[in-house]
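Colleague: Below is the structure I would like to discuss, written out as structure tokens.
The values are calculated or read from the model by the stated rules, or taken from the named source; none is laboratory data. Given the structure is predicted, the values throughout are model-derived calculations rather than measurements. Positions of Cβ are backbone-derived with ideal geometry, glycine not excepted, and every protein chain shown enters the neighbour counts. The accessibility values were calculated without ligands, DNA or RNA, using every heavy atom of the protein model including side chains. Shrake-Rupley method; radii C 1.70, N 1.55, O 1.52, S 1.80 Å.
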Amino acid sequence: MIPKEVLKKVRQIEIRTNREVTDVLGGQYHSVFKGHGMEFEEVREYQPGDDIRTIDWNVTARMGHPFIKRYIEERELTVMLVVDLSGSERFGTVRRFKSELASELAAVLAMSAVRNNDRVGVLLFTDRIEHVVPPRKGRRHVLRIIRDLLAFEPVGRGTDMVRAIDYVARMLNEHAIVFIVSDFLEEDISHPLKLLAQRHDVVAVTVEDPSERDLPNIGIARLIDPETGETFEVDTSSPVVRTAYTDRVMKEREERKHLLRRLAIDEIPVRTEGGVVEPLLRFFRTRETRLRR
């Protein structure tokens with residue numbers, strides 16, 4: 001039985017994301033994620049401004065004046081949302097947890113995909129494969145995905161992104177757009193990411209919280225590792241400790257950015273203190289500009 005508060009939140013997200021997709025993101029999504037190719041539709045007479053490369057020379061010779069072939073875009077895209085639900089995602093110091101931000105962003109992407117008649121599926125993972133919904137179309141299907149993103153309670157606490165990447169690579173038989181939504185704190189993901197990006201259009205959605213970038217000065221703090229449960233104390237009043245922490249975070253971030261650039265994987269950074277629409281818009285506009293070039 002699904003709790004009433006979950007169903008209510010699903011409805012709220014549906015209304016909000018519908019508005020965002022309709023008013024803001026719909027056209028951007030469609031222009032960035034093209035179909036697999038073009039399907040022949042009809043032959044019609046040439047009009048000034050038409051691309052001469054589309055002239056059908058056989059029909060033109062028979063009719064005595066130019067005719068062109070007209071095509072329509074073949075959509076039928078598959079979008080797969082691979083969402084990290086590990087312990088580090090159940091953390092946040094501003095507005096919401098990282099897992100809540102990840103779920104909202106995945107919901108917006110799912111709604112965008114379905115509104116464009118694309119198939120969409122989801123894979124939720126921790127240190128194991130927690131839950132999989134195969135890609136399908138339709139409003140009922142996307143509402144199920146949103147419900148699962150909000151209500152699913154994972155068993156694991158750790159992170160095994162390599163297992164998730166391997167699973168989705170075996171699962172997808174045709175070219176797909178794969179959004180990996182995570183804080184990307186795991187090491188040794190280069191090789192599986194490379195293999196996945198060779199077959200699919202992979203986009204990394206990196207989820208961050210402000211306290212992960214800058215350690216706040218709050219004196220002696222007792223911290224708990226959300227994935228291992230280990231407890232330790234840190235003297236956050238020490239400038240040396242805070243500087244070392246910031247340096248380490250910046251180094252990890254640069255290594256991640258370098259890896260994604262090397263593998264030609266686009267990144268959408270999102271933060272718990274912000275929304276999801278603006279980061280998505282920036283991503284769509286940047287990619288559209290690159291495609292035009």
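Colleague: Taking +1 at the Cβ of each Lys and Arg and -1 at the Cβ of each Asp and Glu, which of Leu263, Gly274, Asn173 sits farthest along the dipole of region 137-287 towards its positive end, judged by Cα position relative to the Cα centre?
Modeller: Ranked along the dipole, the leading option is Asn173.
Colleague: Still on this model: Given an 8 Å cut-off on Cα distances and at least 6 residues of separation, report the relative contact order of region 51-193 as a percent.
Modeller: So the answer I get is 28 percent.
Colleague: On to the next question. Could you tell me the accessible area of Val234 in Å² (1.4 Å probe, neighbours in place), rounded to the nearest ten?
Modeller: 30
Colleague: Considering only protein heavy atoms, with the full assembly of protein chains and a 1.4 angstrom probe, order Phe125, Phe232, Phe67 by accessible area, largest first.
Modeller: If we order Phe125, Phe232, Phe67 from most to least accessible, we get Phe232, Phe67, Phe125.
Colleague: Calculate what fraction, in whole %, of the accessible area of region 140-293 sits on carbon and sulfur atoms when a 1.4 Å probe is rolled over the protein chains.
Modeller: Solvent-exposed carbon and sulfur of region 140-293 make up 50 percent of the total.
Colleague: A follow-up question, please. Which residue, chosen from Phe184, Val202, Val249, occupies the Cα position most advanced towards the positive end of the dipole of region 169-257, where the dipole is computed from +1 (Lys, Arg) and -1 (Asp, Glu) charges on Cβ about the Cα centre?
Modeller: Farthest along the dipole direction, towards plus: Val202.
Colleague: How big is the dipole moment of region 163-240 about its Cα centre under a simple scheme where the beta carbon of each Lys and Arg is +1, that of each Asp and Glu is -1, and everything else is neutral? Debye, nearest 20, please.
Modeller: Approximately 400 debye in magnitude.
Colleague: Another question, then. Over region 104-184, calculate the relative contact order: mean separation of alpha carbon pairs under 8 Å at least 6 apart, over the residue count, as a percent.
Modeller: 29
Colleague: With the contact rule set at Cα under 8 Å and sequence spacing of 6 or more, what percent relative contact order holds for region 153-293?
Modeller: Normalised by residue count, the contact order of region 153-293 is 25 percent.
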